[in-house]
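**Student:** Okay, here's the structure, questions in a sec.
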Amino acid sequence: MSSSTGTTTVITNIATLVTNDPSLGDTSPLGLVRDAAVVIEGDRVVWTGESSKAPATDNRVDAGGRAVLPGFVDSHSHLVFAGDRTEEFNARMSGRGYTAGGIRTTVAATRAATDGELEANLTRFLSEALRQGTTTFETKSGYGLTVADEARALRLAARHTDEVTYLGAHIVSPDYADDPAGYVALVTGEMLDACAPHARWIDVFCEKGAFDGDQARAILTAGRAKGLHPRIHANQLSYGPGVQLAVELDAASADHCTHLTDADVDALASGETVATLLPGAEFSTRAEWPDARRLLDAGVTVALSTDCNPGSSFTSSVPFCIALAVRDMGMTPDEAVWAATAGGAAALRRTDVGRVAPGARADLTLLDAPSHVHLAYRPGVPLVSGVWRRGVRVV
């Protein structure tokens, strides 16, 4: 099966292959194939099926009776920052009050950092995530909150991923503490003009203490007029308008979705907006868990992501989030794995990742286990023993 477009490689002797294509496997959402093989040509998957039927190829990799699944798609992270918030976390976990300023602490450190320091930090977290099976990731600005610092964050992020999100509306900048309307004008005006060329998405933290529904609508609508597609931090800390606004504006995802009314769930089920759940945040803040079961039973598309950030979810591990979702959010192991792969792809409106099927990008994760279920069954164990990204083995 060699051709002029590139060498071909078969990964064979796969105990369980997760394709996320029911037509390729056992008709379940995961499209499982037992005793499977995958053929890669260039940066694409060109064949999947049973090992015994695999075509001849240039190269052969023996999976040794392990599981293979799509690379994880982490559709929500905040990786362009400096400093950490160890003291804040320690105080929170020790039951002590802490008033050092949360996001503002990170904003000060990020503004003070050089480009080189910010990019070194970013690449360190990306390689950490890659070793744990993440092959596609989204990341946001939001720790600069000035025109120059937000544009800088997005410019640095765009060197490493196509999925870059402008989050000038993370909180009202400390510089505009007494003039929130002035800050919204900046975010929708000069800052947007500087940031839009480096981003694909626009996001807003719609929450008490951040931006209300009217401000969020103005910000997302302005971004859309500049060619950026909406996503939104919605209903994390309290009930609010974020989820309804997300569906109204056809946002790709509404992220957090912890405090939902029946009307919110119905809106998500009737629209195209994905509900992205971020269990690392609840774990790290001892907050109420989102109810994934309620969303799934209503027919909502659910994604799982890390929310990797220095304040409320300082983890880059999708396997950890899968284990939390299964243990504490009512998801089955199959649902959690689907949400961390195909669900993340849906939250980024991507069809080329999050599945192992002919034509998809050859982004694969090899587990040191016979089944994907081990991701939840063996929490905290480094099970990822191989990663292919765009057809190249990188781990």
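**Student:** Give me the pairs, please: first residue somewhere in segment 51-62 and touching a residue at least 40 places away in the same chain (Cβ under 8 Å), second residue anywhere and part of a loop (DSSP other than H, G, I, E, B) and among the hydrophobic types (A, V, I, L, M, F, W, C), beta-carbon distance under 7 Å, and either six or more positions apart or on two chains.
**Tutor:** Within 7 Å, the pairs are Pro55/Met1; Ala56/Met1; Thr57/Met1.
**Student:** Suppose we keep only residues that are assigned to a helix (DSSP H, G or I) and at pLDDT below 95 within segment 284-293. Which one would you say is least open to solvent (accessible area, probe 1.4 Å)?
**Tutor:** It comes out as Ser284.
**Student:** Residues in segment 272-281: is at least one more than 15 Å from the chain's Cα centre (by Cα), at pLDDT 95 or above and part of a helix (DSSP H, G or I)? Let's see the steps before the verdict.
**Tutor:** Of segment 272-281, the ones more than 15 Å from the chain's Cα centre (by Cα) are 272.
Still in the running and at pLDDT 95 or above: 272.
Okay, now just the ones that are also part of a helix (DSSP H, G or I), so none.
No, there is no match, as no residue in segment 272-281 is more than 15 Å from the chain's Cα centre (by Cα), at pLDDT 95 or above and part of a helix (DSSP H, G or I).
**Student:** Another one. For Met331, all conditions in the list (1) closer than 26 Å to His229 by Cα; (2) out of contact with any Asp or Glu (no Cβ under 8 Å at 6 or more places or on another chain) hold save one; what is the number of the exception?
**Tutor:** Unmet condition: (1).
**Student:** Moving on to the next point. Looking at (1) touching a residue at least 12 places away in the same chain (Cβ under 8 Å); (2) basic (Lys, Arg); (3) at negative phi, find the lone condition where Arg378 falls short.
**Tutor:** Against the list (1) touching a residue at least 12 places away in the same chain (Cβ under 8 Å); (2) basic (Lys, Arg); (3) at negative phi, Arg378 comes up short only on (1).
**Student:** Is there any pair with a first residue in segment 116-136 that is of a type in the set (Ser, Thr, Tyr) and a second that is open to solvent by less than 50 Å² (accessible area, probe 1.4 Å) and assigned to a helix (DSSP H, G or I) whose Cβ atoms are under 8 Å apart and which are 6 or more apart or on different chains, and what are they?
**Tutor:** Correct list of pairs: Thr134/Val318; Thr136/Gly344; Thr136/Ala345.
**Student:** Filter segment 294-319 for residues that are assigned to a loop (DSSP other than H, G, I, E, B), touching a Cys at 6+ places or on another chain (Cβ under 9 Å) and touching a residue at least 40 places away in the same chain (Cβ under 8 Å); which is most open to solvent (accessible area, probe 1.4 Å)?
**Tutor:** My answer is Phe314.
**Student:** Here is a follow-up. Among the candidates Arg131, Arg159, which residue alone is of a type in the set (Lys, Arg), within 24 Å of the chain's Cα centre (by Cα) and under 14 Å from Leu79 (Cβ atoms)? Give the derivation first.
**Tutor:** On the way: Arg131 fails: under 14 Å from Leu79 (Cβ atoms).
None of the others qualify; the one that does is Arg159.
**Student:** How about segment 320-395: which helices (runs of 4 or more DSSP H) wholly inside it have at least 2 residues that are more than 13 Å from the chain's Cα centre (by Cα) and either surrounded by fewer than 21 Cβ atoms within 10 Å (Cβ to Cβ) or among the polar types (S, T, N, Q) (or both)? Steps first, answer last, please.
**Tutor:** Details: elements: 333-338, 344-347, 374-377.
Passing ranges, in order: 333-338, 374-377.
**Student:** Failed condition for Gly31, given (1) assigned to a loop (DSSP other than H, G, I, E, B); (2) of a type in the set (Gly, Ala, Ser); (3) open to solvent by 10 Å² or more (accessible area, probe 1.4 Å); (4) at positive phi, with all others met?
**Tutor:** Unmet for Gly31, out of (1) assigned to a loop (DSSP other than H, G, I, E, B); (2) of a type in the set (Gly, Ala, Ser); (3) open to solvent by 10 Å² or more (accessible area, probe 1.4 Å); (4) at positive phi: (3).
**Student:** Is it the case, given these coordinates, that Ala222 is farther than 20 Å from His76 by Cα, buried (at least 17 other Cβ atoms within 10 Å of the Cβ) and at pLDDT 95 or above? It would help to see each step written out before you state the result.
**Tutor:** On the way: farther than 20 Å from His76 by Cα: yes; buried (at least 17 other Cβ atoms within 10 Å of the Cβ): yes; at pLDDT 95 or above: yes.
Spelling it out, Ala222 is indeed farther than 20 Å from His76 by Cα, buried (at least 17 other Cβ atoms within 10 Å of the Cβ) and at pLDDT 95 or above.
**Student:** Here is a check on your reading of the model: is Ser371 closer than 26 Å to Leu122 by Cβ and hydroxyl-bearing (Ser, Thr, Tyr)? Working first, answer last.
**Tutor:** Numbers: closer than 26 Å to Leu122 by Cβ: no; hydroxyl-bearing (Ser, Thr, Tyr): yes.
No.
**Student:** Same structure, new question: From the list Ala323, Ala303, which one is touching a Pro at 6+ places or on another chain (Cβ under 6 Å) and modelled with pLDDT of 95 or more?
**Tutor:** Numbers: Ala303 fails: touching a Pro at 6+ places or on another chain (Cβ under 6 Å).
Every option except Ala323 fails the conditions.
The values are calculated or read from the model by the stated rules, or taken from the named source; none is laboratory data. Computed from a predicted model, the values in this text were never measured in an experiment. Backbone-built Cβ (ideal geometry, glycine too); neighbour counts: all protein chains shown. These area figures cover heavy atoms from the full protein model, side chains too; ligands, DNA and RNA do not enter into them. Shrake-Rupley method; radii C 1.70, N 1.55, O 1.52, S 1.80 Å.
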